[in-house]
Amino acid sequence: MKRFLPLLLAVLMFTGCDGFANKDNIINLLSSPKLSRIESGIVTCIKDYLGQDVILKYPKQGSNISPVQMVDLSGDGSDEAVVLYTAPGMGGTVRLAVLSAQGDSWQVDYEGEGLGSEIHSISFTSLTPAGDRQIVVGYTYSDSSEKFLSIYFTDNGKVDDIQHQTCQDYLLADVTGDGIQDIILAGINADNQYTQLKVLSASENNVLTALVTRQLKVPNARVTSIALSKNDFSDKMAIVVDYTDSYFRVYTQGVYFTDYKLNEILSPSQVQKRWVYDYSLDSRDVDGDGYLETPTVIDSGNTMPENLKFMEWTNYLTQQPVRKYYGFCEAASGIYFRLPDLWQNYVVMSYGENENIWLLKQADEDKTIVTFELLSTGYDENLADNEIIVGTGTLQIKITFDESVSADQRQYIADGLMYIK
């Protein structure tokens, strides 16, 4: 950790005039490995084809984060190359090329302009019964506020057709149960309009068709997450949508597909909270059981600082809601720790000498029983018996326990760190 921090600080110093890098810059710096010989040959082929240099572009999200993807699109056992880049002499829009191997060299089979300056994600899946895999690209801009979903249909590894959808968010999944992937898509958000949630399929004639449409229940919804979850109401996976309105209220809605309908199993009126921070507060599977849990902010009666919030994670997709975790969140940092259930209503929180120190106190005695310190520099590894350091990614938190906190409680708290930002 001590050796890593100077490196990280050096990265931050050289990636912006104010001394700090944005997330995209850091990702580009830390995840831009040297190209392999094969990848270099592929990029050189594109340069020769265009007659100019190109700049490789990295997807922001997803498991396929390389700008050069090797994938068997036709199912014939040989890989095609799919490459994402910009060509400065052709504008700032992201471009995509598909190449096939010709002996020891490569041939450009398709090259074209995309629909944005950035790539949200790229994936490869079968949307039709034919067996060829489609290239699904989410284009976007730097703020990711709007996405352009482009589906490149292929035939024998060659791009055969391109279809576009404008959206806020999307998810690839087989929600119809026919063994072929579908697209769950949240439409764009117009002023004083209601967002449409759609299930799109191309299984009939290679043309994306809306099998069903359902309107989200609040106007001006900004969709922040679409995810799948097990549920107790259907053998089909639930589609869980988190979204906010223009008043910073957060809603969670759950539906499942059957008989060409989206049946609601979680109404957005059931779970609401206000969230004013620059990241979304979305449902997630906090305990790995396949069910998504939804966070709810517990009203502390304005007795604590604004950024310190008690929060619970509850599964609302069962016959009766089941709370999984009770704990607190320091909202500015996005750090959540679970706490023993029995402590609810008996503890309060405050900041210590600065906002990187969070004190958990007994409400009736004003006695600090746990201290959390977000470490911003190197730390002394000689910890006392009542101290422990836990972390996620580059975040490190030192926890100091009062002697009244049992060993089981200490372990429960220490193992319950989540980063929700």
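Determine whether Asp232 is more than 20 Å from the chain's Cα centre (by Cα), at pLDDT 95 or above and at negative phi.
yes
Return a yes/no flag: does the range 186-194 have any residue that is open to solvent by less than 10 Å² (accessible area, probe 1.4 Å) and in contact (Cβ under 8 Å) with a residue 60 or more places away in the chain.
No, the range 186-194 has no match at all.
Would you say Asn345 is open to solvent by 10 Å² or more (accessible area, probe 1.4 Å), free of Cβ contacts under 8 Å to residues at least 40 places away in the same chain, out of contact with any helix residue (DSSP H, G or I) (no Cβ under 7 Å at 6 or more places or on another chain) and under 22 Å from Val297 (Cβ atoms)?
Yes, satisfied.
Looking at (1) out of contact with any Asp or Glu (no Cβ under 7 Å at 6 or more places or on another chain); (2) closer than 18 Å to Gly62 by Cβ, which is the one condition that is false for Asn205?
Going through the list (1) out of contact with any Asp or Glu (no Cβ under 7 Å at 6 or more places or on another chain); (2) closer than 18 Å to Gly62 by Cβ, Asn205 breaks only (2).
Kindly indicate whether Ser234 is in contact (Cβ under 8 Å) with a residue 40 or more places away in the chain, out of contact with any Leu (no Cβ under 7 Å at 6 or more places or on another chain) and either polar (S, T, N, Q) or not in a loop (DSSP other than H, G, I, E, B) (or both).
Taking the combined requirement at face value, the residue does not satisfy it.
Among the numbered criteria (1) of a type in the set (Phe, Trp, Tyr); (2) exposed (fewer than 15 other Cβ atoms within 10 Å of the Cβ); (3) over 21 Å from the mean Cα position of the chain (by Cα), which one does Phe248 miss?
(3)
If only one of Asp402, Asp415 is of a type in the set (D, E, K, R) and open to solvent by 50 Å² or more (accessible area, probe 1.4 Å), which one is it?
Asp415
Only one residue in Asp287, Asp299 is within 20 Å of Leu339 (Cβ to Cβ), out of contact with any helix residue (DSSP H, G or I) (no Cβ under 8 Å at 6 or more places or on another chain), surrounded by fewer than 16 Cβ atoms within 10 Å (Cβ to Cβ) and touching a residue at least 24 places away in the same chain (Cβ under 8 Å). Which one?
Asp287
Looking only at residues in the range 134-170 that are among the small types (Gly, Ala, Ser) and surrounded by fewer than 23 Cβ atoms within 10 Å (Cβ to Cβ), which one is farthest from Ser117 (Cα to Cα)?
So the residue we want is Gly157.
Within the range 92-108, which residues are of a type in the set (Gly, Ala, Ser) and either assigned to a strand (DSSP E or B) or open to solvent by less than 40 Å² (accessible area, probe 1.4 Å) (or both)?
Scanning the range 92-108 gives Ala97, Ser100, Ala101, Ser105.
Only residues that are of a type in the set (A, V, I, L, M), within 22 Å of Thr371 (Cα to Cα) and in contact (Cβ under 8 Å) with a residue 60 or more places away in the chain: list them for the range 302-328, please.
none
Tally up the residues in the range 251-274 that are closer than 20 Å to Ala210 by Cβ, polar (S, T, N, Q) and open to solvent by less than 30 Å² (accessible area, probe 1.4 Å), please.
1
What are the residues in the range 67-90 that are open to solvent by 40 Å² or more (accessible area, probe 1.4 Å) and within 22 Å of Ser121 (Cβ to Cβ), if any?
The answer is Met70, Asp79.
Just for the range 109-124: of the residues that are open to solvent by less than 20 Å² (accessible area, probe 1.4 Å) and without any contact (Cβ under 8 Å) to a residue 60 or more places away in the chain, which one is nearest to Ser201 (Cα to Cα)?
In this case the residue turns out to be Gly114.
Go through (1) over 21 Å from Ile389 (Cβ atoms); (2) hydrophobic (A, V, I, L, M, F, W, C); (3) buried (at least 18 other Cβ atoms within 10 Å of the Cβ) for Met304 and report which single condition fails.
Going through the list (1) over 21 Å from Ile389 (Cβ atoms); (2) hydrophobic (A, V, I, L, M, F, W, C); (3) buried (at least 18 other Cβ atoms within 10 Å of the Cβ), Met304 breaks only (3).
Within the range 182-193, is there a residue that is of a type in the set (D, E, K, R), under 21 Å from the mean Cα position of the chain (by Cα), farther than 18 Å from Glu264 by Cβ and modelled with pLDDT of 95 or more?
yes
The values are calculated or read from the model by the stated rules, or taken from the named source; none is laboratory data. If you're wondering where the values come from, they're calculated on a predicted model, not measured in any experiment. Every residue, glycine among them, receives a Cβ derived from its backbone with ideal geometry; neighbour counts consider all protein chains shown. Only protein heavy atoms, including side chains, enter the accessible area calculation; ligands, DNA and RNA are left aside. Shrake-Rupley method; radii C 1.70, N 1.55, O 1.52, S 1.80 Å.
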